[in-house]
C-alpha cells in the first residue's frame, strides 16, 4: 500500500502536491478560530458596499460568498484557501526554469504561504490577482491582442479591488517596459482597469476619501525611528522564510535577464521592497504589506537557484526544519492547550468563551466596546449578536464610524464594555478568558461618532495661546445646523496629542458664515512651541469620553 502511494506520488507529483496543500488548508481553516482582523472583515461582509474605511470591497465579497456556504470559520476562509492554492499553481506555470522538485521544496519552506494562506485578509486575494496579472501580462507580451488587453485591464481592477497596493504592481510593470506607454492596447488595458475601479473611487469621493486620509496621514508617526526601518528589513527576511528568506532574497538579487517578462518581475519585486522601505521614514510598515512581492520573488529566485546547485542544496537542507516549524505552528493554531495558549494571549484561542462570558453579563442587552474594531467583531461573530465599537479620540477611526449600528441604538439601553470603565463607581468587573475588563449598563445610549469633521487646511495653529479660527466641512451637512448651533448643541472638543499621549483639550465653538463653517475656542492653551497632532471629538453619554470625529491633523504652536 505504502509503495503504491510512493509510486503514485512519483508519477503524479503535481496532483498530490496541490490536493494535499488544499485539503490541509481547508482543515486548518475549519479548526482555527478567527484572528481579530478576520472577524472585522466578516463584519464588512454584513454590509456590502463599494468600499470600506480600511480597504476596497474584495475581501468582503469573498467572505460573504464563502460564509453563505459554510456559516463558520471555514466559510470565512474558504476562498482564501482556494486562492492560496491557485496562486501557487499560477506561479508554477510561470516558472522560468523547469525544476519542479526545487519549486515544491521552496513552497514547503515558506511559512507564510502555508500558515498565512488560510487567513481571510486582503493580502490573499491581492497575491492571487498579482499572480494572475503576471500570467496574463506574459500572454499579452506574446500576443498583444485586444482580448488580452481587456483581460489585463479586468485583472488590474481586481487587484485594486483587493488592496490598494496593487497599483504598485501595475506601475512597476509599466516602468519595466517603457514601450508600453506607446502601445495603444496597453492603454486600453489601463483605461478598462480604471473604469472598472471607478465605483470604488466614487465611494471614496462621497465619503471624503477616508482611506486616503487614514493611510497617507493618520497612520504617520509623529517622528522617524530607526526601529521602523530595522523592523521592516527583519520582517521581510522572516516573511520570505522563515529559514530560507535570506537565501531567496540573495538569489533574486543575483538573477539577471533581459526578457521583458522577467524584467517586470524584477522591477515589481525591488520596487515594492524599496517603496515600503522609504515608507518607514513616515511610520511603521507592516511586514505583510509586501506579500504580493512573494510572487516575483519565488519565480526569479527559483530560476537562479536552478542554475546554482551549490546554493540549491541549502534549500533542501533547510526545508525539513522549516517544515517542522510550520507543522508545530499549525498544531498550535488548531488546538487549545490552555496553559500554553494563555501564556501567549493570542487572537486565535478562547474567543467563544470570552464572548459567552460578556454576553451573560450583558443579560441580552446590545454590547458597545470602546476603542476597538476587533472586540465588537469577535463578539458579533461568536455570539451572533450585533455589536458596536465606539472610537474615542485616544484611538483611531474605522468602519464602525460609518455603519448604521450607532444610529439604530441611540436612546436605547446598551451594555458598555472596556477597561476604561474601571474608574466608574458602578462598573462591574468581568473576568474573562482574555483577562479582566469592566461592564456598565447605559440606560440611554448616546453618541455621534458618525459625524465627520474635515479641516480645510492640513495645519491648525495656536498663536500666543489662542487657537486660530479654522474652516472645516462637516458630513452629513444636513445635520450640521441642528447639532452644532441648535438649542442644545453638541459638546465638541479639540484633543491635542504629543507623540501618542493626549496632553490637552480645548472646547470648541462654531459659527456659520455664508455657508462656511468655522471652529474656534474661547479658552487659552499654554504649550511649548512646536508641532503636535489634534483630533476633533464629540461628547458621549460616558463622562469625559469623546468620540473621534475627524482625521488627525497637524497643529502648530507658535
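The values are calculated or read from the model by the stated rules, or taken from the named source; none is laboratory data. In this text the structure is predicted, and so the values were computed from the model without any measurement. All Cβ positions, glycine included, derive from the backbone under ideal geometry; neighbour counts span all protein chains shown.
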task = Determine whether region 36-58 contains at least one residue that is in the same structural domain as residue 133 (by TED's automatic domain parsing), over 17 Å from the mean Cα position of the chain (by Cα) and crowded, with 22+ Cβ neighbours inside 10 Å.
result = no
query = For region 456-484, which residues satisfy the criterion of being under 29 Å from the mean Cα position of the chain (by Cα) and farther than 20 Å from residue 497 by Cβ?
reply = 456, 473, 474, 475, 476
note = residue 304 fails exactly one of (1) surrounded by 17 or more Cβ atoms within 10 Å (Cβ to Cβ); (2) in contact (Cβ under 8 Å) with a residue 60 or more places away in the chain, namely (2)
ask   = Hey, does region 308-318 have a residue that's buried (at least 17 other Cβ atoms within 10 Å of the Cβ) and within 29 Å of the chain's Cα centre (by Cα)?
value = no
ask   = Taking only pairs six or more apart or across chains, which ones have beta-carbon atoms under 7 Å, a first residue in region 134-161 that is farther than 25 Å from residue 59 by Cβ and not assigned by TED's automatic domain parsing to the domain that holds residue 187, and a second residue that is modelled with pLDDT of 95 or more and surrounded by fewer than 16 Cβ atoms within 10 Å (Cβ to Cβ)?
value = none
message = Of everything in region 515-541, what is farther than 19 Å from residue 468 by Cβ and modelled with pLDDT under 90? Give them in sequence order.
response = 515
request  = Among the residues of region 109-131, write down those that are modelled with pLDDT of 95 or more and either under 17 Å from residue 17 (Cβ atoms) or part of a loop (DSSP other than H, G, I, E, B) (or both).
outcome  = 119, 120, 121, 122, 131
ask   = In region 497-541, which residues are in contact (Cβ under 8 Å) with a residue 12 or more places away in the chain, more than 27 Å from the chain's Cα centre (by Cα) and not in a strand (DSSP E or B)?
value = 508, 521, 522, 523, 525, 526, 527, 528, 529, 540, 541
